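Structure, as structure tokens:
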Amino acid sequence: MTGALLEIADLRIRFAGAGEVVRGVGFALGRERLGIVGETGSGKSLTARAILKLLPRGAAMSATRLAFDGIDLLATGERAMRALRGRRLGLVLQDPRFSLNPAMSIGRQIEEAWRAHRAGSRREARDKALALLEAVRIREPQRVHGLYPHQVSGGMGQRAMIAMMLAPDPDLLIADEPTSALDVSVQGQVLSVLDEEVSRRGMGLILISHDLALVRSFCDRVLVMRQGEIVESCAAAALASASHPYTRCLLAAQAELLA
Amino acid sequence: MIAAHGLTARFGATLAVDGVSFSIAAGEAFGIVGESGSGKSTVLRVIAGLHAHWSGTLELDGVPQSPRRLRPGGAAQMVFQDPYGSLHPRHTVDRALAEPLAVHGIAAAAERIADALADVGLAREHRFRYPHQLSGGQRQRVAIARALILAPRLVLLDEPTSALDAPVQAEILALLQRLRREQRLAYVLVSHNLAVVAALCERVAVMREGRFVEELAVADLRAGRAEEPYTRQLIEASRGYRRR
């Protein structure tokens with residue numbers, strides 16, 4: 001699997017006392033959209049965090065291969081990981097209220113994300129932040145630049161979060177339930193911003209969600225996880241003919257509405 | 001069975017339910033769908049007598065209720081989302097089922113418990129187990145048995161499947177469908193999941209920011225025949241992302 005953006009083989013994560021919660025996960029990712037779908041406790045979020053080596057305290061991880069763009073992450077120290085995170089690997093979490101800094105204006109946070117990884121003047125950082133706010137379809141970038149996270153809606157906060165993650169031009173974006181804390185009226189907008197930017201920049205994307213309908217319609221390829229294992233791996237378009245009983249059950253639950 | 005008019009409920013200064021009206025006939029299954037914070041669970045809690053800060057009119061079985069004196073009595077029972085949280089960890093299944101019978105002074109408890117367990121598809125050996133010895137689905141079956149043991153005609157269901165694994169969700173939905181048919185129950189089901197509401201109900205109210213924005217037949221919901229833009233957004237979101 002040379003040339004893959006991300007390669008994972010036999011990834012295992014265990015917690016003392018709880019046993020193994022990710023049990024031998026492996027996949028390769030190109031500059032494509034990969035959806036990981038599963039229920040609470042399936043290990044999908046931990047798998048994503050393992051890529052960034054941002055696991056909760058008490059978690060122990062092992063893998064036979066964990067490589068990003070040919071860089072062996074298993075042999076990468078914390079200092080070098082920090083340089084990769086943000087710059088080349090972005091993470092968008094569920095709730096912007098918890099992932100934005102409440103004490104800093106939105107514009108400053110985007111500027112800081114850019115300046116942390118790019119050399120440039122304040123002026124350039126500001127121009128870049130305004131351009132990014134516009135890219136995520138914020139109508140009055142000048143005004144929103146100066147607002148604090150509590151002054152904006154959830155949908156706008158999440159778009160600002162995406163702008164911040166896109167600021168250093170990462171190669172891979174990991175989005176963990178990016179719309180499930182948002183009102184349904186803005187979910188579509190946030191998704192289409194994500195959709196456009198990922199296509200335009202030719203990035204890799206890992207979309208993690210419990211929502212099969214979302215993942216299959218948004219992604220090129222889908223992994224179904226259950227109890228720490230990948231039970232299904234197929235093209236999104238081939239999901240309807242998936243064979244695993246668990247996948248069939250998820251499909252049936254969704255079909256209920258259209259029956 | 002239930003007639004509510006201008007039902008309003010508060011949490012302190014927050015208006016959680018803002019003038020909601022609906023009526024449910026005996027044996028009918030009515031769904032309330034909405035996002036978190038829409039007030040849907042509060043409606044259920046008012047009907048169950050678990051939330052006293054409400055105003056408006058509410059009749060249960062033709063009897064006007066007041067916030068001070070709400071008596072759903074044996075006629076209405078409730079099943080909660082999380083069977084882990086709604087069963088006492090140190091009480092056996094037998095004890096969980098015996099308690100409502102004792103409270104209402106009902107005799108022949110042993111037989112009724114055995115029948116209630118059989119009704120929800122649990123075996124005799126489950127009767128003296130503790131909640132931690134049961135799976136999530138079995139626990140939710142116990143919670144359903146506990147609700148049904150007083151032979152209610154109305155069951156209030158608050159996200160009854162959303163804490164469960166997908167295959168178990170399907171089993172519990174099938175169980176709820178069968179019990180409703182066999183025992184001629186009326187349901188009020190609250191869920192964020194349109195598919196769950198569609199599986200169980202005939203009629204659904206869409207709730208947002210404390211109000212019902214639309215009430216429609218589940219057949220119309222399935223066919224995507226909704227009047228309100230918000231309802232259409234919910235339906236569209238449940239079908240996934242559409243690239244423009």
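The numbers here are math on the coordinates, done by the rules we state, and not lab data. Bear in mind that the values here come from a model prediction, so they are computed numbers and not experimental data. Cβ sites come from the backbone with ideal geometry, for glycine too, and all protein chains shown count toward neighbours.
Residues with beta-carbon under 11 Å from that of A:S121, excluding A:S121: net charge, scoring Lys, Arg +1 and Asp, Glu -1?
Details: positive: A:R115, A:R118, A:R122, A:R123, A:R126, A:K128; negative: A:E111, A:E124, A:D127.
Taking every other residue near A:S121 into account, the sum is +3.
Peptides A:211-221, B:97-107, ordered by how many other C-beta atoms sit within 10 Å of their residues on average, highest first, read A:211-221, B:97-107. The loop-placed GluC sites (Glu not before Pro) in the range B:105-207, going by DSSP, that have at most 15 neighbouring Cβ atoms within 10 Å of their Cβ come out as B:E202. Entry note, the protein assembly as shown: the mean residue ellipticity at 222 nm calculated from DSSP H runs of n ≥ 4, each adding -39500 (n - 2.57), is -11000 deg cm²/dmol after division by the residues and rounding to the nearest 500.
Phi angles of the range B:175-181 translate, via the Karplus equation with coefficients 6.51, -1.76, 1.60 and θ = phi - 60°, into HN-Hα couplings of 4, 5, 5, 5, 4, 5, 5 Hz per residue; Gly and Pro are given as x.
Sequence-distant contacts, meaning Cα pairs under 8 Å at least 6 residues apart, place the relative contact order of the range B:2-238 at 28 percent.
With a 10 Å cut-off around each Cβ of A:177-185, the average count of Cβ atoms from other chains is 4. Per-residue Karplus couplings for the range A:71-81, computed as 6.51 cos²θ - 1.76 cosθ + 1.60 with θ equal to phi - 60°, are listed in order as 8, 6, 5, 5, 9, 8, x, 4, 4, 5, 4 Hz, Gly and Pro entered as x. For the peptides A:75-85, B:144-154, B:49-59, the ranking by mean Cβ contacts within 10 Å, running from highest to lowest, is B:144-154, B:49-59, A:75-85.
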